[in-house]
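Below: one structure, written as C-alpha cells.
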Amino acid sequence: MEENSVRLTITILDAIPSAEEFTSLIEPKNVPAVFHGCVNDWKASSKWNPSTGGLDYLQGLAGPSTVEVMLSKSAPVFYGDIRNHERVQLPLSTFIEYCKDVSNPATIETVQDQIYLAQVPIMNTEKEERVQLGSLIEDIQTPRFLETKTLASINLWMNGAQTRSSTHYDPHHNLLCVVSGTKQVDLWPPSSTPFLYPMPLYGEASNHSGVPMDEPDLSLHPRAEHLKKYSQRVILNSGDALFIPEGWFHQVDSESLTIAVNFWWRSEMMSGMSEHMDSYYLRRILKRLTDKEMNRMLCKTIPCGSDKPSYEKSDKNMKVSGGNTLHDLEPCALKSLHELVSLVHDRVSAADLSNAVDSSSTSDIEKTKPKKIEISELYYLEEDPVANILWGLEPLNLQKMFLAMMHHFPRTLEGLVLHLLSPVGAEVLTRKFDEMDQLTNEQDRNEFYTAFYGVFDDQFAVMDKLLNRKESFSCQAFKNVMDRFLGVKVQ
C-alpha cells in the first residue's frame, strides 16, 4: 500500500443483508463490514449472558466437556506462536469457575489473566473429531446471509479477564459474532502487510505480525510508523457481527467476560483455485508485486519538461546525424548534460576515457580532471545521481541530450553507460527508451538506436550489460517483496 492508495472503508449496516446481497455486493469487495444486531435473535444471546445466569447455564449444558485453553505468560496478550503459549486440557466447568472469580484479585493474578478459551470447535466439517462443544450448536443460528456458504467451522471464544489476540490474518473468510460483552477490533488490509512485518512464511506463526502494536520499536521495524495511518477500528457490542475477509490483519481486544462465536468459510476465489494452477498463480502474484515494488523503488516524480505542449507523436526537428548542437538543447537538458559529463569525469578513471575521438572532447565541459571513484551497486532512485538526472528529463528532451552527447562527447556517453549506469540507472534508461518509442515513428526510432549503440565498440556487449543491470534491479525488487510481504530475507 502506497501513499496514494485508495482507503478501503469499513461498511456499517443496521439492516441484515440477504444471502444474495451479501454474496453479490459485500463479500466480493473483500472489505470488512459490521452488522449491528445480527445475532440478537439467537438463544445464546439471552441464555449465555453472564449477568442473567449464563455461566451457570453453560456449565449445565456443556460443563463436563473437555476443552483446550490457551495458557500464556504474556497475558493479557495471546500470541499465535506456540513458543509463547501452551494448550491445556480443562473441563469447561473449570474454566467457567475461573470466569466467575473474575472479581477476585488473587485469582486474576494467579490464573485468570493467563488463560483464554480460543477457537474451540462447536462444528468442524474438515476435522469432525476436533469438535469439543457440539452441544452448543442448538443455541446459535447461522446468519441468513451465510446460509448458502459451505462452512469450515464454527468456534467459541471466551475470556474472563481482558485479553488481546496478537495481530494476525486468517486463511478463511470470518464472521465474528459477539454474544456477550465487547470487543475492539483493529484492522489492516492485506496491502498493509509490509508495515506489519509478517512472520516468515515457513514459520509456525506465519499469519502473524512481528510488531508489538502498543510500543513498536521503530529501530527494528521502521515501516511500522505508518501502521495507524492504514488501520481502522470497530467496536462490537453484544449482538453485533463483523465480516473479516481472508487476509485482513486484525487485532482483537476483549473486555472482561466476553463471549463470541465465529464462522469460517472458504472464499469463492480460494475454492475455485485448482491445485495444478498454484505455481502459475504464485508466479503471477509475485511478478505483480515485484513490478509494484520496482515502481516504489523509483519514487516516480514529474520529469523536466513534461508539462510542455510542444511534443507531438514525432518530433520533426529531430536530427540523428549532424546539427545536434548544444544550443539546440532546452535549458533543463543542457543542465543535465553538464551534470552527467561532470559525474563521468569525477567518477570514471582516466584510462576509461583516454580514447576520446574528436576535438570537442577537449571543450570546457570535458576539461574536468578525471578522478576514479568506485561506484557501488545502487537500487533506489534517491541514492543514484545519474539515475535521478535521467529520470528527471522528459523522454524527447533526454533523446536530444543523448544525440548531443553522441555528436560531441561519444567517449563520455560510453563511460556513462558502461561505468556509471547502476541497476536502477539501467531500469530508468530502458523505461525512458520505452517512453521515447511511444513518441517517435519507426524510422526515427531505428536511426536513434543505430546512432546510440554505434558509439560502443561492441554493441551486443553493452546491450547485455544493460539487461543484466536491469535484471539486477528486478532481482532486488523481488527480494524486497519476499521480505516485505512474506517475512523471508533472500540473500
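The values are calculated or read from the model by the stated rules, or taken from the named source; none is laboratory data. Because the structure is a prediction, the values reported are computed rather than measured. Because the Cβ atoms are built from the backbone with ideal geometry, glycine has one as well, and the counts that use them run over all protein chains shown. Accessible surface areas use protein heavy atoms only, side chains included; no ligands, DNA or RNA. Shrake-Rupley method; radii C 1.70, N 1.55, O 1.52, S 1.80 Å.
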Within region 70-88, restricting attention to residues that are over 20 Å from residue 170 (Cβ atoms) and at pLDDT 80 or above, which residue is surrounded by the most Cβ atoms within 10 Å (Cβ to Cβ)? 71
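Please state which one of 45, 103 is at pLDDT 95 or above and either open to solvent by less than 70 Å² (accessible area, probe 1.4 Å) or part of a loop (DSSP other than H, G, I, E, B) (or both).
After ruling out the rest, the residue left standing is 45.
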Residue satisfying all of: in region 443-470; β-branched (Val, Ile, Thr) and buried (at least 16 other Cβ atoms within 10 Å of the Cβ); farthest from the chain's Cα centre (by Cα) among these: 455
Residue that is assigned to a helix (DSSP H, G or I) and either modelled with pLDDT under 95 or open to solvent by 70 Å² or more (accessible area, probe 1.4 Å) (or both), where the choices are 300, 316, 308, 292: 292
Report the residue count in region 396-431 for those that are more than 18 Å from residue 344 (Cα to Cα) and surrounded by 21 or more Cβ atoms within 10 Å (Cβ to Cβ). 5
Go over the candidates 203, 239, 247 one by one and state the one that is over 24 Å from the mean Cα position of the chain (by Cα), surrounded by fewer than 20 Cβ atoms within 10 Å (Cβ to Cβ) and not hydrophobic (A, V, I, L, M, F, W, C). 239
Specify the residue that is modelled with the lowest pLDDT; the eligible residues are those in region 179-205 that are in a strand (DSSP E or B) and of a type outside the set (Phe, Trp, Tyr). 198
Check 420, 486, 429 and return the single one that is among the hydrophobic types (A, V, I, L, M, F, W, C), modelled with pLDDT under 95 and under 27 Å from residue 328 (Cα atoms). 420
Being free of Cβ contacts under 8 Å to residues at least 60 places away in the same chain, small (Gly, Ala, Ser) and on the phi < 0 side of the Ramachandran plot, is that true of even one residue in region 196-213? yes
Scanning region 225-236 residue by residue, those crowded, with 20+ Cβ neighbours inside 10 Å and at pLDDT 95 or above turn out to be 236
Residues that are of a type outside the set (Gly, Ala, Ser), without any contact (Cβ under 8 Å) to a residue 60 or more places away in the chain and touching a strand residue (DSSP E or B) at 6+ places or on another chain (Cβ under 7 Å), drawn from region 228-249: 233, 235, 237
Consider region 250-270. How many of its residues are under 26 Å from the mean Cα position of the chain (by Cα) and either without any contact (Cβ under 8 Å) to a residue 24 or more places away in the chain or part of a loop (DSSP other than H, G, I, E, B) (or both)? 3
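Of all residues in region 206-232, count the ones that are in a loop (DSSP other than H, G, I, E, B) and either in contact with a Gly (Cβ under 8 Å, 6 or more places away or on another chain) or of a type outside the set (Val, Ile, Thr) (or both). Full working, then the answer.
Taking region 206-232 and keeping what is in a loop (DSSP other than H, G, I, E, B), we get 206-207, 210-221, 231.
Restricting the remaining residues to those that are either in contact with a Gly (Cβ under 8 Å, 6 or more places away or on another chain) or of a type outside the set (Val, Ile, Thr) (or both) gives 206-207, 210, 212-221, 231.
Residues flagged as in a loop (DSSP other than H, G, I, E, B) and either in contact with a Gly (Cβ under 8 Å, 6 or more places away or on another chain) or of a type outside the set (Val, Ile, Thr) (or both) within region 206-232 amount to 14.
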Does at least one position in region 164-177 carry a residue that is over 30 Å from residue 23 (Cβ atoms) and part of a strand (DSSP E or B)? yes
Just to be sure, is residue 440 surrounded by fewer than 23 Cβ atoms within 10 Å (Cβ to Cβ), at pLDDT below 95 and polar (S, T, N, Q)? yes
